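Please read the structure below before turning to the comments.
The values are calculated or read from the model by the stated rules, or taken from the named source; none is laboratory data. These figures come from a predicted structure and were not determined experimentally. Cβ placement follows ideal geometry from the backbone for every residue including glycine, while neighbour counts extend to all protein chains displayed.
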Amino acid sequence: MIIRLLLLLVFTISASAKPNIVFIIADDCTFRDLGCYGGQAHTPNINKLAGQGMSFTRCFQTAPMCSPTRHNIYTGIPPVVSGAYPNHTFVAPDTKSVVQYLSKLGYAVAQSGKTHVSPNKVFSWKKIPGGQNPQFEKVDSFIKEQAKKKNPFCLLLCSNEPHSPWNKGDRSRYPVDQINLPPYFVDTPETRDGFSRYLAEITYFDSQVGKAMDIVEKNGLTDDTLFIVTSEQGNSFAFAKWTCYDNGLQTALIARWPGHIKPGSKNPAMIQYLDLLPTFIEVAGGIPPADLRGKSLLPVFAGKQSHKEFVYGIMTTRGINDGSPHYGIRSIRSENYKLIWNLTPEIKFVNRCTTATEFRSWLALAANGHADAIAKTSRYQNRPEFELYDIQKDPLEMNNLAGKPALTKIQNDLHQGLRAWMKSCNDLGKATEMAALEHMTRHQKKKKKTPHSSPTLKKE
C-alpha cells in the first residue's frame with residue numbers, strides 16, 4: 001500500500017510528464033514457445049525487451065479466446081459481467097473502455113491492426129488505417145504527430161500473428177525433423193509441419209515487435225514510454241486455446257519502463273489481463289474506479305513479488321466455429337493447484353482445433369489402434385467433470401488428481417472458491433452458457449431480422 005501511495009504521489013507531482021503507453025498483443029501464441037520463456041521460437045526483439053524490462057512468469061487471462069480477451073483488456077471487466085464471454089462478442093453501449101478513461105486524462109488513444117471488439121461507441125479510439133496487422137508507417141506518423149504536440153498517447157498494436165493458417169515467416173529456421181513437440185502432442189508429419197509453420201510465424205510477430213521498438217526509439221521516446229508485449233491466449237493446437245489449461249489461459253507479459261522497472265528482472269506474481277486497464281489509468285495519473293475487478297500493477301513493477309491469491313478462467317464453445325453445441329468450462333488456480341470444472345462432461349468437446357489437419361492426423365492414428373493417439377485424443381475430447389492438477393509438480397497438467405482422497409479438501413476448497421467467483425460475476429453455469437448466443441454480434445444481426453425471445457436463465 002505504501003509503495004502504491006508513493007507511486008501515485010510521484011505521478012500526481014509529475015502530471016506534466018505523463019508517460020506514453022505502447023501495448024502490443026500477439027494472436028494465438030502459447031507463452032511457452034517464446035524464446036525468452038524457454039521456447040523454440042527465435043524471438044530476438046522480445047528477448048531484447050525482456051533484458052531491458054520485466055518478464056512476468058505467471059500472467060493469465062480470463063477467457064482463452066480472441067474477442068473475450070480483448071474486451072477483457074480494454075474494459076477491465078470480467079467476461080460474464082461485461083457480457084463479452086462467447087467469441088465474436090460485444091459489450092453494452094454504456095460500457096467504459098481504455099478510450100474513455102485515458103482520454104479524460106489527456107491521452108490520445110489509438111489502435112492499429114486486429115480489432116475484434118464491439119461496439120464502436122465504446123471503442124472509439126483513433127483507428128490507424130490498415131488491415132489485420134499494424135501498419136507501421138502509419139504508426140510512425142501517429143507517434144511523430146503526438147511527439148510534436150508533446151501529447152501523451154496510448155497506442156494499442158494488435159497483431160494477427162501467429163494465428164493460423166501460419167503462412168508468414170521463414171520456416172527454414174524450423175526443420176520439421178529437428179523441432180521438439182510438446183509431450184501432450186501426438187507426433188505425426190502433419191503436426192510437425194503445422195508446428196514448424198507456427199514457430200516461423202512467432203518469429204514474424206517478433207519482427208513486428210522490433211519495428212515498434214525502433215519507431216519509439218527513433219522518435220526519442222524510449223525513456224518516456226511504458227512498453228508492453230503480451231502473447232494473448234495459447235495456440236490453436238490441442239490443449240491450448242479454447243481450454244482452461246495453463247497453455248490456454250497463461251500468457252507472456254513483458255514490460256519495459258526505464259527508471260521504473262528493473263532491467264532484466266523476472267516477477268512470479270500472479271497477475272491477470274484484468275489488471276492492465278487499472279495500471280494504465282494509474283500510470284496516466286488517474287485513480288482506477290472501484291468497479292474494475294483488476295488491481296494496478298505499479299507495485300509489481302516496483303518489485304513486489306505477489307499480487308493475487310487466485311486467478312479464474314472461463315471458456316464457452318457455444319457459438320464458436322466448429323464448436324460443441326455448448327460446453328462450458330470454468331477454472332480456478334492457486335499458487336499450487338488448478339481445478340477445472342467441465343460443466344457438461346457428457347458432451348464431446350469439439351472446436352476448430354479438432355477439425356484441423358493436425359488433430360485429424362491424431363484421430364486417424366487412433367482409429368488404427370495407436371495407443372498414444374487414442375489416449376490423447378480421448379483425454380482432449382472426453383473429459384470428466386473435474387480435473388485437478390498440481391501445478392508445481394505437473395506444470396503441463398498431464399496427471400489429473402481429481403478424486404484422490406488425500407486431496408479432497410483442496411479440491412472442495414477450490415470448487416467452493418470457484419463457485420463464489422462465478423456468483424460474484426452472475427455466472428449461472430450451464431444457463432449462462434445457453435444464453436451465450438445473445439451476446440454474439442452475428443446473433444444480434446440475425447435477431448434484427450428474426451425476432452425471438454431470449455432464454456430464461458435458471459440456476460443450476
Worksheet, complete the sentence: The condition of being within 30 Å of HIS71 (Cα to Cα) and part of a loop (DSSP other than H, G, I, E, B) holds, among GLU433, GLU397, GLU438, only for GLU397
Worksheet item: Among the residues of segment 400-430, how many are over 22 Å from ILE77 (Cα atoms), assigned to a helix (DSSP H, G or I) and touching an Asp or Glu at 6+ places or on another chain (Cβ under 9 Å)?
Response: 1
Discussion item. One residue is enough: does segment 361-379 have a residue meeting the conditions in a helix (DSSP H, G or I) and touching an Asp or Glu at 6+ places or on another chain (Cβ under 6 Å)?
Written reply: yes
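Suppose we filter segment 89-126 for residues that are outside any loop (DSSP other than H, G, I, E, B) and charged (D, E, K, R); how many remain? First the steps, then the outcome.
Step one: filter segment 89-126 for residues outside any loop (DSSP other than H, G, I, E, B), giving 89, 98-103, 108-113, 126.
Filter once more, keeping what is charged (D, E, K, R): 126.
Going through segment 89-126 one residue at a time, the tally reaches 1.
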Item to complete: Collect the residues in segment 159-209 that are under 12 Å from GLN40 (Cβ atoms) and of a type in the set (A, V, I, L, M), keeping them in residue-number order.
Response: ILE179, LEU181, LEU199, ALA200, ILE202
Practice prompt. With respect to LYS168, determine if the residue is assigned to a loop (DSSP other than H, G, I, E, B), modelled with pLDDT of 95 or more and within 30 Å of PRO395 (Cβ to Cβ).
Written response: yes
Item to complete: Would you tally the residues in segment 372-393 being farther than 20 Å from ARG333 by Cα, within 25 Å of the chain's Cα centre (by Cα) and without any contact (Cβ under 8 Å) to a residue 12 or more places away in the chain?
Response: 1
Worksheet item: What residue, among those in segment 20-53 that are within 10 Å of ASP206 (Cβ to Cβ) and of a type in the set (Gly, Ala, Ser), is surrounded by the fewest Cβ atoms within 10 Å (Cβ to Cβ)?
Response: GLY35
Worksheet item: In this structure, does GLY323 turn out to be assigned by TED's automatic domain parsing to the domain that holds MET434, within 19 Å of LYS241 (Cβ to Cβ) and touching a helix residue (DSSP H, G or I) at 6+ places or on another chain (Cβ under 7 Å)?
Response: no
Item to complete: Name the residue, out of THR188, THR203, that is of a type in the set (S, T, N, Q), in contact (Cβ under 8 Å) with a residue 40 or more places away in the chain and closer than 27 Å to CYS66 by Cα.
Response: THR203
Fill in: Residue pairs meeting the criteria (Cβ under 7 Å; at least 6 apart or on separate chains; first closer than 11 Å to ARG442 by Cα, in segment 80-91; second among the hydroxyl-bearing types (Ser, Thr, Tyr))
ASN87/SER67; HIS88/SER67; HIS88/THR441; THR89/SER67; THR89/THR441; PHE90/SER118; PHE90/THR441
Discussion item. Pull out all pairs, ordered by first then second residue, where Cβ-Cβ is under 7 Å, the residues are six or more apart or on different chains, the first lies in segment 169-184 and is more than 28 Å from ALA371 (Cβ to Cβ), and the second is charged (D, E, K, R).
Written reply: GLY169/GLU201; ARG171/ARG197
Worksheet item: out of contact with any His (no Cβ under 8 Å at 6 or more places or on another chain), exposed (fewer than 15 other Cβ atoms within 10 Å of the Cβ), farther than 15 Å from THR75 by Cα and not β-branched (Val, Ile, Thr), is that true of LYS121?
Response: no
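Of all residues in segment 217-242, how many are free of Cβ contacts under 8 Å to residues at least 12 places away in the same chain and under 15 Å from the mean Cα position of the chain (by Cα)?
Number of matching residues: 0.
To keep it simple, each residue is scored yes or no on (1) aromatic (Phe, Trp, Tyr); (2) surrounded by fewer than 23 Cβ atoms within 10 Å (Cβ to Cβ); (3) not assigned by TED's automatic domain parsing to the domain that holds GLY259.
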| position | (1), (2), (3) |
| --- | --- |
| PHE185 | yes, yes, no |
| THR188 | no, yes, no |
| TYR198 | yes, no, no |
| MET213 | no, yes, no |
| THR222 | no, yes, no |
| TRP242 | yes, no, no |
Worksheet item: Residue check: is THR279 over 23 Å from LYS48 (Cβ atoms), of a type in the set (Val, Ile, Thr), touching a Leu at 6+ places or on another chain (Cβ under 8 Å) and modelled with pLDDT of 95 or more?
Response: no
